[in-house]
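Visitor: Got a structure here, written out as structure tokens. Questions coming.
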Amino acid sequence: MMHDGGMTGGMMWGMGLVWLLVIILLVLGIAALLKYLFWRGR
């Protein structure tokens with residue numbers, strides 16, 4: 001099942017890295033937003 005073209009592994013790695021970056025950016029953005037909201041409230 002893994003031998004259908006050869007680029008499948010590369011595509012999977014690429015998608016995994018993209019999703020990892022997206023998740024990291026989301027977490028950092030949420031953390032910055034919460035920090036901003038909490039520090040602005042004081």
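The values are calculated or read from the model by the stated rules, or taken from the named source; none is laboratory data. Since the model is a prediction, treat every value here as computed from it, not as a measurement. Heads up, the Cβs are rebuilt from the backbone with ideal geometry, glycines too, and the neighbour counts pull from every protein chain shown.
Visitor: Scan the range 26-42 for residues that are more than 13 Å from the chain's Cα centre (by Cα) and either surrounded by 10 or more Cβ atoms within 10 Å (Cβ to Cβ) or assigned to a helix (DSSP H, G or I) (or both) and report the count.
Guide: 11
Visitor: When the residues of the range 1-25 are narrowed to those that are among the hydrophobic types (A, V, I, L, M, F, W, C) and at pLDDT below 75, which ends up farthest from the chain's Cα centre (by Cα)?
Guide: M1
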